[in-house]
Structures are given as C-alpha cells and as structure tokens.
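The values are calculated or read from the model by the stated rules, or taken from the named source; none is laboratory data. Because the structure is predicted, anything quoted here is derived from the model rather than measured. Here the Cβ positions follow ideal geometry from the backbone for every residue, glycine too, while neighbour counts run over all protein chains shown. Quick note on the areas: whole protein, heavy atoms, side chains included, nothing else; ligands and nucleic acids left out. Shrake-Rupley method; radii C 1.70, N 1.55, O 1.52, S 1.80 Å.
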Amino acid sequence: MAKSLVTNSSRRPQVEPLPVEFANTLSAVRGCLVEGLGSPAELESWLRRHRDLFPEPGPLRKDELRAGEQQLVHARVLRDALRRLIAARVDRKVPDPWDIAHVNRASGMSQSWPVLVWRDAHAPGADSLCTADAVTHALSLIARSSVLLLSGEQGALLRSCRAPGCVLFFYRHHPRRAWCSSGCGNRARVARHHARRCVGDGK
C-alpha cells in the first residue's frame, strides 16, 4: 500500500494509494462532475502535492516539473481508463481491453535508473535519470502502480463510494470502512433515514 500522507483536502483526510488518488481527480459536487485536472498547472500542482506517494519521487522533486497541453490530455485519458478499470475490479466485471492496453502503454513510456553522484570528498549520493520528462515519468509511475494494485491482493479491497452523488473510490484499509469520507457516510445515513421515514409514512 502507498505511504500515508496528510494532504490539504478537508473532504478526504484519509489518503488513498497513488492510483486511487489519481482516479479521484474526477469528483462530484451536488451531482455535477468536477474536473481536478482542468489545466496543465493543475496537473503540475497535483503531482507536487502527491509526490511522496510515488515509488520513485526523485524527478518530481526537481524544479523542471512542467506540464503541457499534450501531457494534460494524456493524464486525463490515463485517469479515465484507470477509473473504468477500478470500477470493473470493484464490480467484478470484464474491463474494456482498450483500457488495459492504455495503462500498459503508459506503464512503459518511461524508464529510470540510479546514478552515483560524488562531487567532493564527502560521502557520495545517488540521483536518478529517466528516459522522459518528469511529468511523463510520473504518469508512467502511476500506470505501473495501477498495474500492481489492480493485479495484487490489495485490489480486492478497492471500493466505490456508494453515498448519494459520490463518484470517488477508496481503499478499504479497515473492515468497518464503508465510505470514502465521513461526510459521505453522514449523507448516506441521512438518505437511509429519509427513505425509511417515507416508507413509514406511506409516501
């Protein structure tokens, strides 16, 4: 499972594994979908905020993290394919082969390797080089993490939030967890209570 990290989100203080956090960049407010990757700048911001969740955060810590329109399109297509794959895993349905192929292509878009850095008489250090720019490398790492999550035992703990109007996914890290957030849990309980009252009143 991805490392824990406290984010700036007040709606969802529980941080999910990296692929789930990425899938949840598409959310909903009052029944309307909200795009969390609305511009290259928003993609850059998301990557910086979540860099500690990456298995190889090295390239994301550098100043040259710059996203363009083409990378934004790639990020959204990868995100949407991942959302459909997670939904298929949760609902135990056969996914679209195109979604599988796209995640697999994205997984291979960048490779990285460690290099030795030794500039003075002090102890040497390590850095990383990769075959792509930092944003493309980050998206490749998201795809690889998605492959591991969906194909591993942890994939069985993925869930879709069933609260009214919610489109988020979550990782059921605790047996009692049933919602993506406490706010969604409250809305679901209110909705159930209202439904029972309507049935009891004969409405």
request  = Using the charge dipole of the range 90-159 (Lys, Arg: +1 at Cβ; Asp, Glu: -1 at Cβ; taken about the Cα centre), state which of VAL147, ALA106, ALA132 has its Cα farthest towards the positive end.
outcome  = VAL147
request  = Could you compute the FRET efficiency for ALA28 and LEU116, with r as their C-beta to C-beta distance and R0 at 45 Å, rounded to 0.05?
outcome  = 0.40
task = Could you state the accessible area per residue of the range 135-189 in Å², with a 1.4 Å probe and every protein chain left in place?
result = 45 Å²
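What's the Cα-based Rg to Rh of the range 113-160, Rh via Kirkwood?
On the way: Rg = 16.9 Å, Rh = 13.6 Å.
Result: Rg/Rh = 1.24.
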message = Report the rotationally averaged projected area of the range 53-105 based on its alpha-carbon convex hull, in square nanometres.
response = 4.7 nm²
ask   = Cα gyration tensor of the range 72-152, axes a ≥ b ≥ c as square roots of the eigenvalues: rounded (a/c below 1.5), prolate (a/b > b/c) or oblate?
value = prolate
inquiry  = Viscosity 1.306 mPa s, temperature 10 °C: what is the translational diffusion coefficient of the range 19-125 from Stokes-Einstein with a Kirkwood Rh over Cα pairs, rounded to a whole number of µm²/s?
reply    = 99 µm²/s
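Which trypsin sites (Lys or Arg not before Pro) in the range 87-184 sit in a loop by DSSP (not H, G, I, E or B) and have at most 16 other Cβ atoms within 10 Å of their own Cβ?
ARG92, LYS93, ARG119, ARG162, ARG172, ARG176, ARG177
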